[in-house]
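K.L.:
The structure that follows is given in the form of structure tokens.
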Amino acid sequence: MDKKTIDKIKDKNLDIEYFASRTIKEPVFRDQVFEQMISNIDIMVYYHCYYIVQKASSHRPDLFYKYWDQIVLLLSHKNSYHRDFGLSIIANLVVVDSEKKFDNIIYEYLDILKDEKFMTSQCLVRNLANVLEYRDDLKEIIIPVLLNIDNITPYTRKQVDLLKSDILDIFDKTYTKEELTSTIIEFIEQAKVSVSPKTRKKSNKLMKKFDL
């Protein structure tokens, strides 16, 4: 990628829509943007390239499936931002994962609940809603792990309770009242006394929604 283009990408007023559209339309440019995202050391370049790839892959995930193995490597990247990139882009690609490659990394993916960075763990939980939208069959693996969040993460109580609001969002988006198990109902009820106002509010919303 030429310097002029890189300078435009790193500009604080990046036109994400323009570059995402170009990334979708131009295969060579797509390769270049992806490469800059994973290898450039300038945060303004690699982060803006992520914005572009995230936007483009949400519209045309099929165009990015070929990068799957490279994206998976980001999950163990030393930079937490890159781990976030991996989590988000993989969630976008699940819809076109005809080879069920996600099944091979699901435990590695979920293990990020133990990440040293709370915000990366939060990124994981938020992206699980996208995963479950297309892989309802994975609930039996994913949900028990989330319900055990108190015993998994290394974070403070305040952080864990905040994380529970995102878990409650998953229940809100992917469950009907008839599908709720006793353990999920108990999780929702216990969240009423969370130290996190956001989680308490979400719990009350679900109690009303599911008539618990």
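K.L.:
What's the Kirkwood radius of region 47-155 in Å, using all Cα pairs?
P.N.:
For region 47-155, inverting the mean 1/r across all distinct Cα pairs yields 14.0 Å.
K.L.:
Follow-up question, since we're still on this one. Note down the relative contact order for region 1-59 as a percent, whole number, built from C-alpha pairs under 8 angstrom at least six residues apart.
P.N.:
39 percent
K.L.:
Hey, if you put +1 on the Cβ of every Lys and Arg and -1 on every Asp and Glu Cβ in the chain, which of SER80, ILE52, SER194 ends up farthest toward the positive end of that dipole?
P.N.:
SER194
K.L.:
Looking at (1) 54, 49, 39; (2) 57, 34, 27; (3) 54, 41, 28, which value of Cα extents along the principal axes in Å comes from a calculation on the structure shown?
P.N.:
Looking at Cα extents along the principal axes in Å for this model, the match is (2).
K.L.:
Set Lys and Arg Cβ to +1 and Asp and Glu Cβ to -1, take the dipole of region 40-187 about its Cα centre, and tell me which of ILE142, THR174, VAL94 lies farthest positive.
P.N.:
With unit charges placed on the Cβ atoms, the residue in question is VAL94.
K.L.:
Only Cα pairs within less than 10 Å get springs; with that Gaussian network setup on the chain, which residue of ILE105, ILE71, ILE149 has the largest fluctuation?
P.N.:
For the chain, modelled as a Gaussian network with Cα springs under 10 Å, the answer is ILE105.
K.L.:
How would you rank 58-70, 88-100, highest first, on the average number of other Cβ atoms within 10 Å across their residues?
P.N.:
Those peptides, ordered most packed to least, come out 88-100, 58-70.
K.L.:
For region 76-139, with only Lys/Arg (+1) and Asp/Glu (-1) charged at the beta-carbon, what is the dipole magnitude about the Cα centre, in debye rounded to 20?
P.N.:
200 debye
K.L.:
Looking only at LYS158, LYS192, LYS55, which one moves most when the chain is put into a Gaussian network model with springs between Cα atoms under 10 Å?
P.N.:
Maximum fluctuation in the GNM of the chain, among the listed residues, is at LYS158.
K.L.:
Classify region 67-113 as rounded, prolate or oblate, taking a ≥ b ≥ c as the square roots of the eigenvalues of its Cα gyration tensor: rounded when a/c is under 1.5, otherwise prolate if a/b is larger than b/c and oblate if not.
P.N.:
Note, shape of region 67-113 comes out prolate.
K.L.:
Let me check against my output: what whole-number percent is the relative contact order of region 159-212, with C-alpha pairs under 8 Å and at least 6 apart?
P.N.:
Over region 159-212, the number comes to 47 percent.
K.L.:
Still on this structure: Sorted by packing (mean other beta-carbon atoms within 10 Å per residue), highest first, where do 77-84, 126-133, 9-16 land?
P.N.:
In descending order of packing, they fall as 126-133, 77-84, 9-16.
K.L.:
Something else about it: Whole percent per 10 Å bin, from 0 to the bin with the longest distance: what is P(r) over all C-alpha pairs of region 1-68?
P.N.:
Result, from short to long distances: 23, 61, 16 percent.
K.L.:
Place a +1 charge on the Cβ of each Lys and Arg in the chain and a -1 charge on the Cβ of each Asp and Glu, then give the dipole magnitude about the Cα centre in debye, rounded to the nearest 20.
P.N.:
That gives a dipole near 820 debye.
K.L.:
How much mean residue ellipticity at 222 nm does the chain get from its helices, if each DSSP H run of length 4 or more adds -39500 (n - 2.57) and you divide by all residues, to the nearest 500 deg cm²/dmol?
P.N.:
-21000 deg cm²/dmol
K.L.:
Magnitude of the Cβ-charge dipole of region 135-212, K/R +1 and D/E -1, about the Cα centre, nearest 20 debye?
P.N.:
540 debye
K.L.:
Determine, for each peptide in 42-50, 138-146, the mean count of other beta carbons within 10 angstrom over its residues, then list the peptides with the highest first.
P.N.:
Descending packing order for the listed peptides: 42-50, 138-146.
K.L.:
Okay, next question. Evaluate the relative contact order of the chain (contact order divided by residue number), counting alpha-carbon pairs under 8 angstrom at least 6 apart; express in whole percent.
P.N.:
Value for the chain: 13 percent.
K.L.:
For region 156-212, evaluate the Debye formula with one uniform point scatterer on each Cα (no solvent term) and list log10 I(q)/I(0) at q = 0.28, 0.31 Å⁻¹, rounded to two decimals.
P.N.:
Result of the Debye calculation: -1.16, -1.37.
Read-outs: derived from the displayed coordinates by stated rules, not from any lab. Worth saying up front: this structure is predicted, and the values here are computed from it rather than measured. Glycine also receives a Cβ, built like all others from the backbone with ideal geometry; neighbour counts cover every protein chain displayed.
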